[in-house]
Amino acid sequence: MKKLVVATVLAGIFLCALGCALADTPVQVAPTGTGVTMIPADQWENTYPDVYASYMANQDNAEIVDHVKEYPMLATVYEGNAFGTYYGSARGHYYCVQDLLATGRPHKLANCFTCKTADFTYMTLEMGDSAYALPFEDVAADMKQDVGCFTCHANDPAAGLTLTHLYLVNAMGADADKVAAINAVCGQCHVEYYFDSDSKATVLPYTGMGVANPDDMYAYYQALDFADYTNPRTGVRQLKAQHPEFETYLGVGSVHAGMFTCADCHMERVTREDGTTYRSHLLVSPLQSEAIMATCAACHADLPGFVHGIQEKMEARTIAIGYKLEDLTNRLADAVASGQYSEEELNVIRELNRKGQWYWDFVFVENSEGAHNSRLDNSCLDKAEALIDEALGLLRR
Ligand code: HEC
Ligand code: HEC
Ligand code: HEC
Ligand code: HEC
């Protein structure tokens with residue numbers, strides 16, 4: 001009896017400790033409205049010299065390849081969308097604005113700066129959603145820094161992490177306090193998003209983490225009757241998925257979601273000469289960091305070999321299904337041109353194409369190539385392949 005009471009009391013304290021800790025540390029969100037200011041990154045150089053130097057080292061992550069040259073099928077799969085002409089691979093945060101200006105893709109509105117620069121984030125906080133609809137050229141000259149200290153700390157790094165991209169706060173909804181800020185700061189950009197058709201504001205296709213998965217996001221887009229673009233030859237109203245690292249890593253099937261945060265694997269802890277430590281702000285692959293790999297070694301004796309094994313399989317499968325999607329696009333375009341199919345028949349195939357491409361793209365554009373959550377990725381590819389096969393089966397030879 002006594003034991004039970006003690007256990008209950010302990011459990012009570014434990015639960016309260018957890019509950020209270022959550023209640024006491026709500027996600028910090030940056031203030032909005034006129035009067036908001038922004039301290040640019042270079043102003044922090046003297047206060048945080050090590051962190052600042054590591055942040056500037058993102059310049060060294062400069063390699064870039066054009067995915068369209070690498071995978072010519074993208075020109076067909078993304079036909080009608082600017083990504084079909086040039087699609088640069090991701091590189092260091094230092095290059096965000098430069099790469100956006102150099103894409104050769106046409107940019108109409110300022111909303112393209114959403115994930116690129118703290119200068120624009122600050123405008124959205126000051127002006128509200130109307131900032132997203134400003135003409136691109138009107139704001140381009142003011143975009144001077146890339147992802148800045150402000151992006152993840154607002155104006156006070158000493159106060160810890162603060163969210164400045166409000167659409168993420170809206171998307172997490174009632175779950176905002178359950179998502180660790182150290183993951184959420186990255187989720188400000190490494191997420192699936194779209195531009196609202198009317199306001200042009202950046203919006204994520206979910207409210208609450210329970211529906212932050214590819215199935216519910218698709219249902220969301222269906223309910224909204226949303227399309228990012230229409231393929232000119234097939235008439236398929238297509239969705240363009242965007243780098244969903246946050247949803248993939250925190251999604252069902254993730255092995256490490258409860259154990260490690262984005263920073264644990266991408267921002268190593270560096271020990272200074274005096275024994276104190278700081279987080280490197282050079283964002284790297286864990287495979288580029290001896291310090292991070294040392295924390296994995298107990299379970300992964302050969303982390304690079306293990307990760308590359310997963311990635312090679314995922315890459316091969318994704319590319320193979322991509323070529324099927326290219327085939328479907330071309331054959332559906334022929335079917336449309338042939339005049340041999342009724343609009344009803346075509347619409348059934350178009351819907352299968354739209355949905356199959358969504359599941360495929362969700363994996364193709366995720367930057368870890370299977371490392372974040374291979375179970376989720378494989379389940380998406382299973383769905384994509386089944387949908388594409390079904391569509392191909394409906395096309396007469
Ligand atoms: C992309 C988001 C992001 C940006 C941009 C960013 N930080 Fe951080 N910062 C973090 C994260 C994540 C941590 C780790 C927090 C933790 O360990 O709890 C951190 C930790 C810190 C800390 C705490 C001490 C430490 O090293 O653990 C300081 C100080 C800091 N950042 C300063 C800066 C400065 C100065 C800049 C701009 C030069 C900057 N940060 C830019 C995300 C960011
Ligand atoms: C303000 C938006 C933004 C935030 C916040 C952000 N990122 Fe990024 N990140 C980007 C963009 C955009 C790129 C691609 C830059 C380019 O290629 O020009 C990128 C690139 C990267 C890369 C390099 C990819 C490569 O292939 O070399 C890594 C790693 C990365 N981010 C990790 C993180 C982590 C971890 C966090 C949170 C601590 C974070 N990012 C927060 C926008 C952001
Ligand atoms: C358990 C470790 C782990 C965690 C936690 C983790 N990642 Fe990764 N991430 C990886 C690995 C492994 C890769 C593949 C690296 C490679 O290909 O060299 C990767 C790749 C990436 C890339 C592409 C960078 C590149 O160099 O190719 C980005 C961007 C990224 N992760 C962002 C995130 C974000 C955002 C989060 C949190 C939502 C996160 N990661 C959480 C392990 C992790
Ligand atoms: C306590 C043991 C343990 C530690 C420590 C650990 N891992 Fe893992 N990791 C696992 C297990 C177990 C799996 C699942 C293996 C499988 O699916 O075959 C896994 C899977 C993974 C995967 C593949 C995930 C997927 O969805 O297929 C990656 C990537 C990974 N770990 C990276 C890391 C990195 C990076 C670190 C260090 C920061 C790390 N792990 C530390 C046990 C661990």
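The values are calculated or read from the model by the stated rules, or taken from the named source; none is laboratory data. If you're wondering where the values come from, they're calculated on a predicted model, not measured in any experiment. Neighbour counts run over all protein chains shown; Cβ positions are idealised from the backbone, glycine included. Accessible surface is based on the protein model in full, side chains and every heavy atom, while ligands, DNA and RNA are left aside. Shrake-Rupley method; radii C 1.70, N 1.55, O 1.52, S 1.80 Å.
Restricting the stretch 271-283 to residues that are more than 24 Å from the chain's Cα centre (by Cα) and not in a loop (DSSP other than H, G, I, E, B), the residue that is farthest from ligand 2 (Cβ to nearest atom) is T271. The helices (runs of 4 or more DSSP H) found entirely in the stretch 94-142 that carry 3 or more residues being at pLDDT below 90, buried (at least 16 other Cβ atoms within 10 Å of the Cβ) and under 20 Å from the mean Cα position of the chain (by Cα) are 96-102. The set of residues in the stretch 204-238 being over 17 Å from A171 (Cβ atoms) and surrounded by fewer than 22 Cβ atoms within 10 Å (Cβ to Cβ) consists of Q222, D225, A227, D228, Y229, T230, P232, R233, G235, R237. Scanning the stretch 284-298 for residues that are within 10 Å of ligand 2 (Cβ to nearest atom) and either open to solvent by 70 Å² or more (accessible area, probe 1.4 Å) or not in a helix (DSSP H, G or I) (or both) returns V284, S285, Q288.
Restricting to the stretch 347-378, what's the tally of residues that are among the hydrophobic types (A, V, I, L, M, F, W, C) and either within 16 Å of ligand 1 (Cβ to nearest atom) or not in a helix (DSSP H, G or I) (or both)?
Residues in the stretch 347-378 being among the hydrophobic types (A, V, I, L, M, F, W, C) and either within 16 Å of ligand 1 (Cβ to nearest atom) or not in a helix (DSSP H, G or I) (or both): 2 in total.
If you filter the stretch 154-167 down to residues that are without any contact (Cβ under 8 Å) to a residue 60 or more places away in the chain and not in a loop (DSSP other than H, G, I, E, B), you find that the one that is surrounded by the fewest Cβ atoms within 10 Å (Cβ to Cβ) is A158. Take the conditions (1) among the polar types (S, T, N, Q); (2) part of a helix (DSSP H, G or I); (3) in contact (Cβ under 8 Å) with a residue 40 or more places away in the chain; N170 misses just one of them, which is (3). Could you run through the stretch 71-84 and say how many residues are touching a residue at least 12 places away in the same chain (Cβ under 8 Å) and surrounded by fewer than 16 Cβ atoms within 10 Å (Cβ to Cβ)? Number satisfying all stated conditions: 1.
With respect to the conditions (1) in contact (Cβ under 8 Å) with a residue 40 or more places away in the chain; (2) open to solvent by 50 Å² or more (accessible area, probe 1.4 Å), Q188 falls short on a single one, namely (2). When we screen E137, E245 for residues that are of a type in the set (D, E, K, R), outside the structural domain of L325 (by TED's automatic domain parsing) and farther than 21 Å from A384 by Cβ, the only hit is E137.
Answer with yes or no whether T114 is within 19 Å of D361 (Cα to Cα) and either touching a Phe, Trp or Tyr at 6+ places or on another chain (Cβ under 9 Å) or away from ligand 2 (no atom under 15 Å from the Cβ) (or both).
It is false that T114 is within 19 Å of D361 (Cα to Cα) and either touching a Phe, Trp or Tyr at 6+ places or on another chain (Cβ under 9 Å) or away from ligand 2 (no atom under 15 Å from the Cβ) (or both).
For the stretch 197-214, a residue qualifies if it is free of Cβ contacts under 8 Å to residues at least 12 places away in the same chain and more than 16 Å from the chain's Cα centre (by Cα), and exactly one does: D198. Quick one: how many residues across the stretch 239-283 are farther than 23 Å from M217 by Cα, within 12 Å of ligand 1 (Cβ to nearest atom) and either surrounded by 21 or more Cβ atoms within 10 Å (Cβ to Cβ) or of a type outside the set (F, W, Y) (or both)? Residues flagged as farther than 23 Å from M217 by Cα, within 12 Å of ligand 1 (Cβ to nearest atom) and either surrounded by 21 or more Cβ atoms within 10 Å (Cβ to Cβ) or of a type outside the set (F, W, Y) (or both) within the stretch 239-283 amount to 18.
Pick out the one residue from L328, L381 that is closer than 24 Å to K69 by Cβ, more than 16 Å from ligand 1 (Cβ to nearest atom), touching a Lys or Arg at 6+ places or on another chain (Cβ under 7 Å) and assigned to a helix (DSSP H, G or I). Step through it out loud before you land on a result.
On the way: L328 fails: touching a Lys or Arg at 6+ places or on another chain (Cβ under 7 Å).
Selected residue: L381, the only one of L328, L381 that is closer than 24 Å to K69 by Cβ, more than 16 Å from ligand 1 (Cβ to nearest atom), touching a Lys or Arg at 6+ places or on another chain (Cβ under 7 Å) and assigned to a helix (DSSP H, G or I).
Residue-by-condition table, conditions (1) at positive phi; (2) within 16 Å of the chain's Cα centre (by Cα):
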| site | (1), (2) |
| --- | --- |
| A154 | yes, no |
| L161 | no, no |
| D175 | no, no |
| A184 | no, yes |
| H190 | no, yes |
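Condition check ((1) open to solvent by 10 Å² or more (accessible area, probe 1.4 Å); (2) closer than 12 Å to Q311 by Cα; (3) at pLDDT below 95) across all residues:
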| site | (1), (2), (3) |
| --- | --- |
| N347 | yes, no, no |
| K355 | yes, no, no |
| A371 | yes, yes, no |
| D377 | no, yes, no |
| K383 | yes, no, no |
